[in-house]
1. Starting with the highest mean, order 41-50, 68-77, 17-26 by the number of other Cβ atoms within 10 Å, averaged over the residues of each peptide.
2. Could you give the length gained on full extension between residue 63 and residue 1, defined as 0.36 nm per residue of separation minus the Cα-Cα distance, in nm?
3. So what's the angle, to the nearest 10 degrees on a 0 to 90 scale, between helix 25-47 and the longest Cα principal axis of the chain?
4. Between residue 92 and residue 71, what's the calculated FRET efficiency when r is the beta-carbon distance and R0 is 41 Å? Round to 0.05.
5. Using a basic spin-label model with each label point 7 Å from the Cα along Cα→Cβ, how many nm lie between residue 81 and residue 47?
6. Roughly what would the spin-label model give for residue 12 and residue 34, points 7 Å off Cα along C-beta, in nm?
7. In Å, what Rg and Dmax follow from the Cα atoms of the chain?
């Protein structure tokens, strides 16, 4: 099995339990920010508040939503990379016939 096949197999195995996020960190941040801002409009409408009277709340919700989406995407991507590396080490250890803990 050559290097490309090993890498593809490692990515396939890692995808089962730590799927790679799609899109991008910036897009994830924008989407969550939009949902947070929409939530702010819904809550203000329910309670009869005006979003224009409380711009700091809208800005804070948008910024916080963006950060949650951005950081969440980065954490998912890092988890996928770590899982792929772990699977690659297991495959390499199995191919070379090594015994012992493949997580080292």
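Taken together, the values in this text are just the output of simple stated rules run on the coordinates, not laboratory data. Computed from a predicted structure; not experimentally measured. Every residue, glycine among them, receives a Cβ derived from its backbone with ideal geometry; neighbour counts consider all protein chains shown.
1. Working: 41-50: 10.8, 68-77: 16.5, 17-26: 12.9.
Listed from highest to lowest mean packing, they are 68-77, 17-26, 41-50.
2. Working: separation 62, 0.36 × 62 = 22.32 nm, distance 4.75 nm.
Taking residue 63 through residue 1 to full extension adds about 17.6 nm, to one decimal.
3. It is inclined by approximately 30 degrees.
4. Working: r = 32 Å, r/R0 = 0.77.
My answer for the efficiency is 0.85.
5. If labels sit at residue 81 and residue 47, their model points lie 4.0 nm apart.
6. Calculated label separation equals 3.5 nm.
7. Computed over the Cα atoms of the chain, radius of gyration and Dmax are 21.4, 69 Å.
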